[in-house]
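First up is the structure itself, then whatever we jot down about it.
The values are calculated or read from the model by the stated rules, or taken from the named source; none is laboratory data. Since this is a predicted model, take the numbers as computed values, not measurements. Here Cβ is always computed from backbone atoms with ideal geometry, including for glycine, and neighbour counts include all displayed protein chains.
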Amino acid sequence: SAVISQKPSRDICQRGTSLTIQCQVDSQVTMMFWYRQQPGQSLTLIATANQGSEATYESGFVIDKFPISRPNLTFSTLTVSNMSPEDSSIYLCSVEWEGNIQYFGAGTRLSVL
Amino acid sequence: GENVEQHPSTLSVQEGDSAVIKCTYSDSASNYFPWYKQELGKGPQLIIDIRSNVGEKKDQRIAVTLNKTAKHFSLHITETQPEDSAVYFCAARDSSYKLIFGSGTRLLVRP
């Protein structure tokens, strides 16, 4: 299986600021994903991070708000821009491993004041 | 697109009893169905999965069944223990490779 490290594990931010979340995998993977989990809710896919090209965003999520980088096959970042209290959520990175299995990082718990 | 419904939203059982969580999906092209366990403060952890060419899969106290005709799959946990208490999510991998998650079941195992 893949080992995924996410940083930071949690943060408290002021509205109007931005936070960049890092996701590091211990092996090269083709598919990396970013999810949002609002308090007490299920997981919602934000985007697929594509290596060497622009991320593919799901309906309701836009690049200006959630810019994503994927400089290589082991690393990706998600930025939450111009934050408001509604952005308070858990942000999760996942990778697709052999057999289409997805493994998740521990998540970043974000609170926006 | 794919839609996954999960029931019940909460489930409370006595230690040693069995727990069953059910999910239905809408896209007949979905072919992979994982189950995740999420403990407080942690990310989702894959506990078992099943593919569309298999009807049942078992791993110790955990089993998953799949009925392709009815488009539903279920998680069965036998001899429940307090450490099984967590939120469980089902998911379906749709024809565009994305995982679509159910709404989650909060399982409480009473000692």
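For region A:81-105, how many residues are assigned to a loop (DSSP other than H, G, I, E, B) and crowded, with 19+ Cβ neighbours inside 10 Å?
Filtering region A:81-105 for residues assigned to a loop (DSSP other than H, G, I, E, B) gives A:81-84, A:88, A:97, A:101, A:105.
Cutting the leftovers down to crowded, with 19+ Cβ neighbours inside 10 Å gives us A:83, A:105.
Residues flagged as assigned to a loop (DSSP other than H, G, I, E, B) and crowded, with 19+ Cβ neighbours inside 10 Å within region A:81-105 amount to 2.
Residues that are over 14 Å from the mean Cα position of the chain (by Cα) and either among the charged types (D, E, K, R) or within 14 Å of chain A (Cβ to nearest Cβ) (or both) within region B:50-89 comprise B:Ser52, B:Asn53, B:Val54, B:Lys68, B:Glu79, B:Glu83, listed in sequence order. Taking the conditions (1) within 13 Å of chain B (Cβ to nearest Cβ); (2) in a loop (DSSP other than H, G, I, E, B); (3) under 19 Å from A:Phe104 (Cβ atoms) in turn, A:Ser27 satisfies each one other than (1). Exactly one residue out of A:Leu78, A:Leu43, A:Leu110 is crowded, with 16+ Cβ neighbours inside 10 Å, at pLDDT 95 or above, within 25 Å of B:Phe89 (Cα to Cα) and within 13 Å of chain B (Cβ to nearest Cβ): that is A:Leu43.
The set of residues in region B:86-103 being buried (at least 22 other Cβ atoms within 10 Å of the Cβ) and either touching a Phe, Trp or Tyr at 6+ places or on another chain (Cβ under 7 Å) or among the polar types (S, T, N, Q) (or both) consists of B:Tyr88, B:Phe89, B:Cys90, B:Ala91, B:Ala92, B:Arg93, B:Phe101, B:Gly102.
Looking across region B:90-106, the residues that are facing another protein chain (nearest Cβ under 8 Å) and not aliphatic (A, V, I, L, M) come down to B:Arg93, B:Tyr97, B:Lys98, B:Phe101, B:Gly102, B:Ser103, B:Gly104.
Considering only residues in region B:44-69 that are modelled with pLDDT of 95 or more and in a loop (DSSP other than H, G, I, E, B), the one that is farthest from B:His7 (Cα to Cα) turns out to be B:Gln60.
Within region B:45-68, not a single residue is of a type in the set (Gly, Ala, Ser), out of contact with any Gly (no Cβ under 8 Å at 6 or more places or on another chain) and crowded, with 19+ Cβ neighbours inside 10 Å. When we screen A:Phe33, A:Phe75, A:Phe66 for residues that are within 12 Å of the chain's Cα centre (by Cα), touching a residue at least 60 places away in the same chain (Cβ under 8 Å) and under 25 Å from B:Gly41 (Cα atoms), the only hit is A:Phe33. Take the conditions (1) over 18 Å from A:Leu110 (Cα atoms); (2) surrounded by 17 or more Cβ atoms within 10 Å (Cβ to Cβ); A:Ser69 misses just one of them, which is (2).
Given the residues B:Ser28, B:Ser12, which is the only one that is assigned to a loop (DSSP other than H, G, I, E, B) and either farther than 14 Å from B:Gly104 by Cα or over 15 Å from the mean Cα position of the chain (by Cα) (or both)? Of B:Ser28, B:Ser12, the one residue that is assigned to a loop (DSSP other than H, G, I, E, B) and either farther than 14 Å from B:Gly104 by Cα or over 15 Å from the mean Cα position of the chain (by Cα) (or both) is B:Ser28.
The residue of region A:81-101 that is farthest from the other protein chains (Cβ to nearest Cβ), among those that are out of contact with any Phe, Trp or Tyr (no Cβ under 7 Å at 6 or more places or on another chain) and at pLDDT below 95, is A:Glu98.
Quick check on my filter: what residues within region A:46-75 are in a strand (DSSP E or B), more than 23 Å from A:Val112 (Cβ to Cβ) and either in contact with a helix residue (DSSP H, G or I) (Cβ under 7 Å, 6 or more places away or on another chain) or within 14 Å of chain B (Cβ to nearest Cβ) (or both)?
Answer for region A:46-75, where residues must be in a strand (DSSP E or B), more than 23 Å from A:Val112 (Cβ to Cβ) and either in contact with a helix residue (DSSP H, G or I) (Cβ under 7 Å, 6 or more places away or on another chain) or within 14 Å of chain B (Cβ to nearest Cβ) (or both): A:Thr48, A:Thr56.
Filtering B:Thr24, B:Thr10 for residues that are among the hydroxyl-bearing types (Ser, Thr, Tyr), farther than 15 Å from B:Arg106 by Cβ and either buried (at least 20 other Cβ atoms within 10 Å of the Cβ) or away from chain A (no Cβ under 11 Å) (or both) leaves a single hit, B:Thr24.
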